[in-house]
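The numbers here are math on the coordinates, done by the rules we state, and not lab data. On a predicted model such as this, the values are computed, not experimentally measured, just so you know. As a convention, Cβ positions derive from the backbone with ideal geometry for all residues, glycine included, and neighbour counts pool all protein chains shown.
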Amino acid sequence: MITLSQTRGDTRGYYFKRIDGDGQVITTTPNSLYFTVKSSFFTQQVVFQKKLDDMTVDEDGTYHFVIEPKDTENLDYGSYVWDIQVTQDNVVTTIAKGTLNLTHEATWASNEGE
């Protein structure tokens, strides 16, 4: 399990690579890829999600996506769960999972411009 931490309402980029069983980077584009955040692994309700279409993939197989202020600014502080799921040729694989800790902020979106 991997722990990610960021201030609620901030912009933050995340980077990862898909690795095969031999430790080699997979550079082929999958059929689908999801970074999904929920309040618990035991609920179907998605808090927010990033899809392959929301990501950039470099030639070396590095994926990057951005959690934007709109994704977290209205969420409660605290711990959420996430995973990255890949589908390739009808094979579904969860390649990483963990927690996302949203920490306190002093400047809320509603305070900006005041």
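Considering only the stretch 51-64, state which residues are outside any loop (DSSP other than H, G, I, E, B) and acidic (Asp, Glu). If you could, list the steps in order and put the result at the bottom.
Applying the first criterion (outside any loop (DSSP other than H, G, I, E, B)) to the stretch 51-64 yields 51-54, 56-57, 62-64.
Scanning the stretch 51-64 gives ASP53, ASP54.
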Going residue by residue through the stretch 8-26, is there one that turns out to be in contact with a helix residue (DSSP H, G or I) (Cβ under 9 Å, 6 or more places away or on another chain), closer than 19 Å to ASP89 by Cβ and in a strand (DSSP E or B)?
no
If I ask for residues that are of a type in the set (Phe, Trp, Tyr) and in a strand (DSSP E or B), which ones from the stretch 65-110 would you list?
PHE65, TYR80, TRP82
Look through VAL57, VAL81, VAL47, VAL92 and report the one residue that is without any contact (Cβ under 8 Å) to a residue 40 or more places away in the chain and over 21 Å from LYS17 (Cβ atoms).
VAL47
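Have a look at LEU4, LEU33 and point out the one that is assigned to a strand (DSSP E or B), more than 20 Å from LEU102 (Cβ to Cβ) and either among the hydrophobic types (A, V, I, L, M, F, W, C) or touching a helix residue (DSSP H, G or I) at 6+ places or on another chain (Cβ under 8 Å) (or both). Don't jump to the end; show me each part of the working.
Values: LEU4 fails: more than 20 Å from LEU102 (Cβ to Cβ).
Checking each option against the conditions leaves just LEU33.
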If we ask which residues in the stretch 58-103 are of a type in the set (A, V, I, L, M, F, W, C), surrounded by 16 or more Cβ atoms within 10 Å (Cβ to Cβ) and farther than 22 Å from THR7 by Cα, their number turns out to be 1
I'm told PHE48 meets every condition in (1) part of a loop (DSSP other than H, G, I, E, B); (2) surrounded by 10 or more Cβ atoms within 10 Å (Cβ to Cβ); (3) in contact with a strand residue (DSSP E or B) (Cβ under 9 Å, 6 or more places away or on another chain) except one. Can you identify the failing condition by its number?
(1)
Considering only the stretch 15-32, state which residues are surrounded by 17 or more Cβ atoms within 10 Å (Cβ to Cβ) and free of Cβ contacts under 8 Å to residues at least 60 places away in the same chain.
PRO30
Only listed residue being exposed (fewer than 12 other Cβ atoms within 10 Å of the Cβ) and either in contact with a strand residue (DSSP E or B) (Cβ under 7 Å, 6 or more places away or on another chain) or of a type in the set (Phe, Trp, Tyr) (or both), chosen from PHE35, PHE41:
PHE41
Within the stretch 1-14, considering residues that are among the polar types (S, T, N, Q) and surrounded by 13 or more Cβ atoms within 10 Å (Cβ to Cβ), the one farthest from SER79 (Cα to Cα):
THR11
